[in-house]
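Remarks on the structure that follows.
The values are calculated or read from the model by the stated rules, or taken from the named source; none is laboratory data. What you are looking at is a predicted structure, and each value in this text was computed from that prediction instead of being measured. Heads up, the Cβs are rebuilt from the backbone with ideal geometry, glycines too, and the neighbour counts pull from every protein chain shown. For the accessible areas, the whole protein counts, side chains as well, though only heavy atoms, and no ligand, DNA or RNA atoms are used. Shrake-Rupley method; radii C 1.70, N 1.55, O 1.52, S 1.80 Å.
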Amino acid sequence: MGSMRWLTRGRRKAKEIIAKTLEKKSYSSDEVLMQKGGAAEHIYFIEEGTIEVFDDGETLRKELKRGESFGAVELLFGLPTSFTKAAGEAKVWRLPKETMRKISSLQGSKSMNSICKFLNKVSLFNVLVPEEKFSLAKSMEQRTFYHGEEIVREGDVGSEFFLILNGRCNCYKKTLKV
């Protein structure tokens, strides 16, 4: 499932853990997967069928189909779950919360959880909703720079955006002399 790529980031041990704990579950029409306001216990990956997500139990917010996932944002940000049910026969793969904790501990500071928490502290990203922060976090990678190492050079075309997770850096601006 392509939507699981962010979980493993090429780590063999994470893939092994997922393979052992991923569970397949079938749901019948109108069967509830998550109650509104609950705590997320799984990340779900849809294999077949349609899952409906509601804002308040009555207003349909979105329909999710094969290849899509849900529950990760709630799990990683500690947000309450939305009312979620099967819109017919559906088959999903569930990844338990405990597995996410194991994977996070393997990945240390690179874990999705720590990236999401960091993004919540950066005021620049306050305009983003949790789903958008999660998408941003999935695309980020952590890099380490050492004392004296150049990160960017004034005047170069920028192709990357950097956030300082920890440590500090010095910025120098050259003055143009005419």
- Query: Out of region 115-146, which chymotrypsin sites (Phe, Trp or Tyr not before Pro) are coil in DSSP terms and have no more than 16 other C-beta atoms within 10 Å?
  - Reply: PHE145, TYR146
- Mind putting together the pair-distance distribution for region 41-106? All Cα pairs, 5 Å bins, whole percent per bin, short to long. 4, 18, 25, 25, 17, 8, 3, 1
- Rounded accessible area per residue of the chain, 1.4 Å, Å²: 67 Å²
- Expressed as a percent, the accessible surface of the chain that is carbon or sulfur, using a 1.4 Å probe and the full set of protein chains, is 50 percent
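Fully extended, how many nm does the chain gain between VAL157 and LYS36 (0.36 nm per residue separation, minus their Cα-Cα distance)?
On the way: separation 121, 0.36 × 121 = 43.56 nm, distance 4.65 nm.
Length difference between fully extended and current span is 38.9 nm.
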- Query: Where does region 119-178 land on the Kirkwood hydrodynamic radius, alpha-carbon pairs, in angstrom?
  - Reply: 14.4 Å
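Roughly what % of Cα-Cα distances in the chain sit above 24 Å, to the whole percent?
Numbers: 7471 of 15753 pairs.
Summing the P(r) of the chain above 24 Å gives 47 percent of all pairs.
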- Taking a threshold of 18 Å on the Cα-Cα distance, which of the pairs LYS62/LYS121; LYS24/LYS85; LYS24/LYS97; LYS36/LYS62; LYS20/LYS97; LYS20/LYS102 fall above it? LYS62/LYS121
